[in-house]
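Read-outs: derived from the displayed coordinates by stated rules, not from any lab. Being a predicted model, the structure only gives us computed values, none of them experimental. Positions of Cβ are generated from backbone atoms using ideal geometry, with glycine treated the same way; all protein chains shown enter the neighbour counts.
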């Protein structure tokens with residue numbers, strides 16, 4: 001289980017993430033939503049170690065990750081995909097995945113890990129890399145330089161790297177950003193495959209509510225850096241606090257008609273949404 005406790009970051013006098021306490025269970029895809037500037041990506045950066053928290057903790061299976069670097073958190077089991085791809089552009093597609101597979105196998109990089117070792121000597125690593133590339137539909141592009149790939153294929157490759165690292169937690173920050181209508185379904189299908197593994201925990205930051213409705217088992221809402229709602233998608237999306245904070249409209253009326261708000265499983269946090 002991944003958990004944050006009182007996770008906070010301040011930039012001068014501005015509190016970008018405000019004492020967020022939340023737990024994420026294996027076998028669950030949680031969507032993190034909120035208006036622009038709500039603190040969603042900052043919260044991701046605090047979890048994965050790109051930013052150092054001003055206060056609070058991040059734990060995975062009871063282990064405190066708070067003092068670890070981003071690389072150390074990756075080795076602990078946190079896999080992160082970014083809004084902008086984070087790849088080795090001057091290496092081939094296959095070389096990118098081979099490096100990730102060997103990093104996962106070696107664990108501690110100090111134990112003889114050599115970026116320039118002769119790959120043909122590592123049959124198992126090659127077979128695993130090829131298997132992953134076939135899974136993400138890049139098997140026919142393994143010899144292409146990453147810099148030459150279209151954006152959609154680069155996003156697929158980033159998912160392949162997370163799979164190669166055998167992460168416990170998959171964190172996707174707007175995975176379909178910059179994709180056209182033909183490319184986006186491929187990434188969403190990959191996320192569905194990952195979701196089928198009940199041992200994995202998936203976190204998703206996404207602005208497209210149709211994607212959230214289709215994929216999410218749970219939604220949490222951040223507003224001004226504060227966790228304001230947490231529950232099943234239908235209840236959260238229908239709640240007044242989400243309608244007002246996320247959509248910027250009054251939630252209790254549509255024209256002149258009252259809208260009933262089913263909320264039996266919605267948890268409104270900090271007294272919001274009364």
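Compute the separation of the alpha-carbon centres of the stretch 35-76 and the stretch 162-205 and state it in Å as a whole number. Between the Cα centre of the stretch 35-76 and that of the stretch 162-205, the gap is 19 Å. Each label point was placed 7 Å from the Cα along the Cα-to-Cβ direction; for residue 182 and residue 208 their separation is 1.5 nm. Only alpha carbons enter this Debye calculation for the stretch 152-210, each as an equal point scatterer, and the log10 of I(q)/I(0) it gives at q = 0.23 Å⁻¹ is -0.98. Does the stretch 33-101 classify as rounded, prolate or oblate by the C-alpha gyration tensor (a ≥ b ≥ c root eigenvalues; a/c under 1.5 gives rounded; else a/b over b/c gives prolate, otherwise oblate)? Oblate, because a/c is 1.5 or more while a/b does not exceed b/c.
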